[in-house]
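Taking it in order: structure first as structure tokens, then the write-up.
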Amino acid sequence: DIKDWRNAWQMAINVDSPNRQRLYDIYRDVEIDLHLSGCVDQRQGFVMARSFKIVDAKGDENKEAMHYFDQSWFKELMQYILESVYWGHSLIELGDLCTDGDGCICYSGVTLIPRKHVIPEYGRVITDLGQDWTTGIDYRQTPLSDWLIEAGRSDNLGLYLKAALQTIPKKNTLAFWDTFSEIFGMPMRIARTTSRDREEIERLGRMLRESGMNLTMVAGMDTEIEFVESTKGDAFNVYDKRIDRANSELSKLVIGQTMTIEDGSSLSQSETHLEVFENLVE
């Protein structure tokens, strides 16, 4: 809940011993929100779809240099760098040197150092969770620094910190809505009988419970069956509107507007929102 988020945030910004482990656990829950992941994929997808070139001091394209970077390892590196916007920081390790099919030198791949083991505020990597940063390995010194790339500021906690304020209530609202549906979604079935026979009463109750979709039963003449419809009609406004508000807030946070991923109301407004999004991609 929000209290867990606040406590994890305070642990992460502790000056003496910053610890992001609990905050990253919350980020894992934040990351699987469907609307948020759609916004993130849209933003990253448009950025990754952009072409690039390498030029010299005169502005002329250097195709030979481009060959070194037009590789799968570089695209993986870009993905990790873009993800650092949401997590706050990424420490990426370059793989071994090898050659591609054309004989060009490249990296075998890139690897993300597990975020829980990285303490970017002090440039240390701990080998076991729970260790203090003073016992960690300084990765900003050679030879480690030659094979590591940092993305994001060391004091940045990422956009998921703000997103959690919407994904946590949204997750709870969905759970409450499911509970509401379970209680009020189906009419209550009430059986009234004058029989005092415990076995007869239990048989009647079992018939009601097991009727399911095919409601058929055999009851005595003195038994009355009643269906009580729910009069609760505000579930849509209580739950769905709250979820819509959370989604719109997440859209504004990640992609700067709402209409490129939600329903638009007019062409002119959509064009304005698209311009905002294209500026963000740029």
Item to complete: Considering each residue of the stretch 133-169, count those that are closer than 22 Å to GLY109 by Cβ, aliphatic (A, V, I, L, M) and open to solvent by less than 40 Å² (accessible area, probe 1.4 Å), and give that number.
Response: 2
Response to the item:
Selection from the stretch 125-161 of residues among the acidic types (Asp, Glu) and part of a helix (DSSP H, G or I) yields ASP146
Item to complete: Name every residue in the stretch 261-282 that is surrounded by 11 or more Cβ atoms within 10 Å (Cβ to Cβ), modelled with pLDDT under 80 and charged (D, E, K, R), in order of residue number.
Response: GLU262, GLU271
Worksheet item: Filtering the stretch 170-192 down to residues that are assigned to a strand (DSSP E or B) and basic (Lys, Arg), which residue is most open to solvent (accessible area, probe 1.4 Å)?
Response: ARG192
Practice prompt. Please find, within the stretch 115-134, the residue that is nearest to the chain's Cα centre (by Cα) out of those that are farther than 18 Å from VAL15 by Cβ and of a type outside the set (Lys, Arg).
Written response: HIS117
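The values are calculated or read from the model by the stated rules, or taken from the named source; none is laboratory data. Keep in mind the model is a prediction, meaning the values are calculated, not measured. Glycine gets a Cβ as well: all are built from the backbone with ideal geometry, and neighbour counts include every protein chain shown. Note: areas computed on protein heavy atoms with side chains; ligands, DNA, RNA excluded. Shrake-Rupley method; radii C 1.70, N 1.55, O 1.52, S 1.80 Å.
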